[in-house]
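Have a look at the structure below before the remarks.
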Amino acid sequence: MVKDFSMSKINIRGQRGFSLLELMVALAVGSIVSAVIYSAFTFQQQSWVTQDQMATMQQNLRMSLRFIGKDLMLVGYDPESSGTADFTYENSSNELVTSNVSIQFAMDIADDAGSTAVGSSDGDSDDPGEQIRYYLQGNQLCRDDYNTDSDLVTPGIQPTICDVVAEDVERLLFYYILDDGSVTDNPAAGTLDRIRYVRVVILARTKGIITQHTSAQNFIYIDQNGLTASESFNDNRRRLLLAMNVQCRNKGL
């Protein structure tokens with residue numbers, strides 16, 4: 001026989017729910033715990049983003065210095081004594097290219113067939129990889145090979161397309177140390193053959209802002225002979241300054 005419970009009485013005496021006060025306390029505690037968890041998550045996320053941006057900035061700096069240093073050590077390489085391998089004062093558009101903010105130089109390291117094997121020098125510097133210029137275009141560090149850029153009409157004119165070495169570069173500066181130890185940031189045409197060292201200064205920045213970074217940063221670009229300049233930033237971006245002296249090993253031989 002099946003018993004019908006539809007009309008049965010259920011005894012709820014002695015049972016009670018949560019009071020309004022208890023619900024409010026539980027909600028408050030839950031809100032506090034959620035806020036703590038969210039705050040910790042946000043902090044960890046911001047820390048990760050900051051570390052990632054800092055690592056990218058440092059990588060840009062090291063890579064930029066490595067590229068420039070490797071090329072600069074070949075300036076003046078001229079085994080055939082052609083006289084064409086040196087720093088470039090002006091290009092064919094009368095644009096100053098070896099200055100405080102850009103540098104252009106040549107070397108004879110290849111022949112007309114494009115070979116760069118030892119002994120391939122052919123007495124000129126009009127082959128691919130033999131005329132190099134570094135400069136900033138906005139916040140991009142550009143490296144141009146004036147013998148291979150397809151957008152060039154006349155060799156020596158600045159290309160319209162930047163071959164990007166690194167991004168988020170704030171400043172690119174060059175100082176030139178001559179054979180008598182004097183330093184200049186804008187060498188005259190008659191002193192290019194006297195350059196023995198080039199001091200390369202690069203200031204890089206993070207790609208995005210870092211909210212927890214609010215203090216102003218002041219950078220002083222120092223040269224041993226008193227050629228200095230300073231610059232201050234307060235835009236919530238981290239910056240890092242690196243410099244190196246590169247010996248022009250094929251100059252003054």
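Computed from the coordinates by the stated procedures, all read-outs in this text should not be read as laboratory data. Note that the coordinates shown come from a computational prediction; the quantities given were computed from them, not determined experimentally. Neighbour counts are summed over all protein chains in view; Cβ atoms, including those assigned to glycine, are modelled from backbone coordinates with ideal geometry.
See the values below:
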{"item": "Label-point gap, in nm, between Gln247 and Asp163 - each point 7 angstrom along Cα→Cβ", "result": "2.7 nm"}
{"item": "Extension reserve of the Thr56-Ile220 stretch, reckoned as 0.36 nm per residue once the Cα distance is removed", "result": "56.8 nm"}
{"item": "Mean Cα-pair separation over length for region 49-247, i.e. relative contact order, pairs under 8 Å, 6 or more apart, %", "result": "19 percent"}
{"item": "Förster radius 45 Å - calculated FRET efficiency between Gln44 and Thr116, Cβ distance, rounded to 0.05", "result": "0.40"}
{"item": "Per-pair calculated FRET efficiency, R0 = 22 Å: Ser230 and Val183 via Cβ, rounded to 0.05", "result": "0.80"}
{"item": "Highest to lowest packing among 203-210, 47-54, scored as the average C-beta count within 10 Å", "result": "203-210, 47-54"}
{"item": "Cα gyration tensor, region 49-247 - rounded (a/c under 1.5), prolate or oblate", "result": "prolate"}
